[in-house]
Each structure stands twice: as structure tokens, then as C-alpha cells.
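Engineer: Please read through the structure below; I'll follow up with questions.
Just so it is clear, none of the values below were taken in a lab; they were calculated from the coordinates. In this text, all values refer to a predicted model and were calculated from it rather than measured experimentally. Don't worry about glycine lacking a Cβ; one is built from the backbone with ideal geometry, like all the others, and counts go over all protein chains shown.
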Amino acid sequence: VSTLYRLERGLLEDTFRHFRECGRGRHECQALWLSAWSQPGILTKVVHPRHSAHLGGFVLDDDWLNEFWLELGTTNMGIRVQVHTHPGEAFHSHTDDEFPIVHTPGFLSLVIPNFGLGPVGFQEAFLTEIQPDGRWKEVPIASRLVLT
Amino acid sequence: MSSHQDADLLVRIHIDGQSLESQDSTTGVALYALAGIAHSRYLFREIAGDAEDEPIEPTDQPIHLQPDDHFYSQTAFKVWVLYNGVKKPFEVRPEETVKRLLDEAIRIFGAANPHTLSLFKGGTELPDGQTLKEAGVKPHDLLLLRPGAVKGG
């Protein structure tokens, strides 16, 4: 089920730009990494969902989610990784565990510390993956994500 | 004047193997009555080629018939469920519950720990306890299997 995804550095830079412009060091923020179903291992798009947020959390807009779900169908793309910021340390909270956007084994969730204000990269980030029994398990970032 | 004459034209059609006569301008209600189709069944007009057969709703919406149109009725029909960019067909019956289709879709798509997943039609969450008919699910509908809430903290 697990996949080693390729991610262009430009997409990672775009992701951090969203976190900094939207979260401004005061709010959490989320981004989604997508790839085509015809070539799932190559992440090609970063999406910044419409959401509300505060210091310690965020909630996606339900109308946006509905439109986005339809768009995924017409573009033949799938969400492979959800990425969000934490104010301080990166880890997966109970809310993160219970309310992901995708529920299939192999789906990844990456948490970026310090609202994404630090260096662009995976330093002190936390990556976890849905297991076949539905539980999340921390996995080494290098085993799932390769920057190209 | 000409529309009145058109409405009086009789055409021969075929429903579930019966040859029947109907005015060429009719309604779904009239077609169901003409062939004695029970409310628990759905009527479809056969479409040549690869296109989906046309579902006929038992309503007063006008329907125009062509000579030798073929129709059939059945209790099961097909809907589509979309999850994370993938669309799959499901054969369902109107008296099935939304929950039964939801559970089947979760199984087919392989979602694990799926307690936040629901079925949505047109942005509205379908109540688990209703039948598909009560929930307004119709042949060829596209339903979204998606979380009712996505959040983090």
C-alpha cells in the first residue's frame, strides 16, 4: 500500500508560501498534495483549501470540499498527502487522527512545526500513514517522500 | 393548432415485451400506468449505442415518444459513487437504505476507520436511515463518498 512519492521542490516552496501568507504565524493552515491516478507516485499539484482557522486548529469549508471532490473526479486526480502546520512541535493530534480528508491505507499526513515559518524542508516535521487497520503510524519521511 | 394535432398522434411502443399504443406526447405517469409498472420498479428507455439508457421518472414531465421506442422496467438501477477522484458504479434497489450503500461503497473503496464518511448528493448529506427512494436517489445519480468534516488541530 505504501508509496514513495516524488515531490518537486517548487511544490514544497509553494506549500510553505501558503502557510506563511495564510497562517501569518498566528493560525494553523492546511495544504493538499495531489497526483494523477495515471501516475500516482509523482506529486504534481498543491491545493490550498478554503478553511477557517485559529491558533490551534482549522476546519475545511464544506461547500469548498464538495466542489473540490467533484473536481478531483473530472481531473482524474487523487489526494495523496495532507499537510498542515502546528504552532510549535509537529505531531498528530487526536483531531488530526479522527478527521482526515482521505481514509485509505497508505494515505499520508505531514505536520510542519512553527506555523511553517522555519526553513523550507522537512526539518522537525512529522509524517504519519494510515495502516490497513485504520490506525495512524509514524513513518520516516525519507521512506515516503523524495524531493526532486 | 399543429401541437394539438401532434398530441393526438398514436405511436406503437414496447414496454417489457408488450406492444402498446400511446400518444406520442405523454408523461412518465402515463407510461407507468399504460404498462402497469409497479411503484417499486423503474422504467428505462433503451438508447442505441454506448449511451446510458434513459431513466423515466413517474412524473408529469412531458416525454416525446418515437415509433417503436423500447422500454423496460427493473427494480435495480445503477448509481455512481465518487471517492478521491475515482468513480465506480453500484447496482442498488430503491428500498435499500443509504447506510447499506454507504457500507458497500466504503468496502469497495477500501476506506479504513471511515466513521466520518457519508454519501452526498448535490452538496446534501443523505440520511443513513432513509431508503434510497426516500433520499431522492435516482438512476445514474452521482453520489459523493466524502468526509462530513475535515479538520486538524
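Engineer: Over the stretch A:24-75, what lengths in whole Å, largest first, do the semi-axes of the equivalent ellipsoid take, defined as the square roots of 5 times the eigenvalues of the alpha-carbon gyration tensor? Write down the numbers at each step before the final one.
Structural biologist: Working: eigenvalues 121, 43, 8 Å².
One finds semi-axes of 25, 15, 6 Å for the stretch A:24-75.
Engineer: Take every DSSP beta bridge with both residues inside the stretch A:66-148 and express the antiparallel ones as a percent of the total, to the nearest 5.
Structural biologist: Values: 7 of 12 bridges.
For the stretch A:66-148, the DSSP antiparallel bridge percentage is about 60.
Engineer: Could you tell me which residue out of A:Pro113, A:Gly57, A:Thr148 lies farthest along the dipole of chain A toward its positive end? Charges go on the beta carbon: Lys and Arg +1, Asp and Glu -1, centred on the Cα centre.
Structural biologist: Towards the positive end, the residue furthest out is A:Thr148.
Engineer: Treating cross-link reach as a plain straight distance, find the lysines whose alpha-carbon is under 27 Å from the alpha-carbon of B:Lys99, omitting any fewer than eight places away in the same chain.
Structural biologist: Cross-link targets: B:Lys78, B:Lys87, B:Lys88, B:Lys121, B:Lys133, B:Lys138, B:Lys151.
Engineer: On to the next question. Work out the mean other chain Cβ neighbour count within 10 Å for the residues of A:67-73 and drop it here as an integer.
Structural biologist: Numbers: counts 1, 1, 10, 6, 1, 8, 9.
Mean shielding count: 5.
Engineer: Quick check: convex hull of the Cα atoms in the stretch B:76-146, volume per residue, rounded to a whole Å³?
Structural biologist: Values: hull volume 5.4 nm³, N = 71.
Dividing the Cα hull volume of the stretch B:76-146 by its residues yields 77 Å³.
Engineer: For peptide B:84-95, what's the mean number of Cβ atoms from other chains within 10 Å of each residue's Cβ?
Structural biologist: 3
Engineer: D for the protein assembly as shown, whole µm²/s, Stokes-Einstein with Kirkwood Rh over alpha-carbon pairs at 4 °C and 1.567 mPa s: what number? Intermediate values should be presented prior to the final figure.
Structural biologist: On the way: Rh = 21.9 Å.
D = 59 µm²/s.
Engineer: For the stretch B:120-153 and the stretch A:17-62, what is the centre-to-centre distance using only Cα atoms, to the nearest Å?
Structural biologist: After rounding, the separation between the Cα centres reads 24 Å.
Engineer: Let me ask something else. Run a plain Debye calculation on chain B (Cα atoms as equal point scatterers, no solvent) and give log10 I(q)/I(0) at q = 0.10, 0.11, 0.17, 0.19 Å⁻¹, rounded to two decimals, same order as the q list.
Structural biologist: Evaluating at q = 0.10, 0.11, 0.17, 0.19 Å⁻¹ gives log10 I(q)/I(0) of -0.46, -0.54, -0.96, -1.10.
Engineer: Per-residue mean of other chain beta-carbon atoms within 10 angstrom of the beta-carbon, peptide B:70-79?
Structural biologist: On the way: counts 0, 0, 0, 0, 0, 0, 0, 0, 0, 0.
What the average comes to for B:70-79 is 0.
Engineer: OK, next. Using only Cα atoms, figure out Rg for the stretch A:44-148 and give it as a multiple of 2.2 N^0.38 Å. If you can, show how the numbers build up before the last one.
Structural biologist: Details: Rg = 14.0 Å, N = 105, 2.2 N^0.38 = 12.9 Å.
For the stretch A:44-148, the normalised Cα radius of gyration comes out at 1.08.
Engineer: Helix-only mean residue ellipticity at 222 nm, chain B, DSSP H runs n ≥ 4 weighted -39,500 (n - 2.57), per residue, nearest 500. What is it? Mind showing how you got there, number by number?
Structural biologist: Working: 3 runs with 26 residues, N = 153.
Per the formula, -4500 deg cm²/dmol.
Engineer: May I pose another question? I need the Debye-formula profile for the stretch B:3-91: one equal scatterer per C-alpha, no solvent, reported as log10 I(q)/I(0) at q = 0.17, 0.22 1/Å, two decimals.
Structural biologist: -0.74, -1.10
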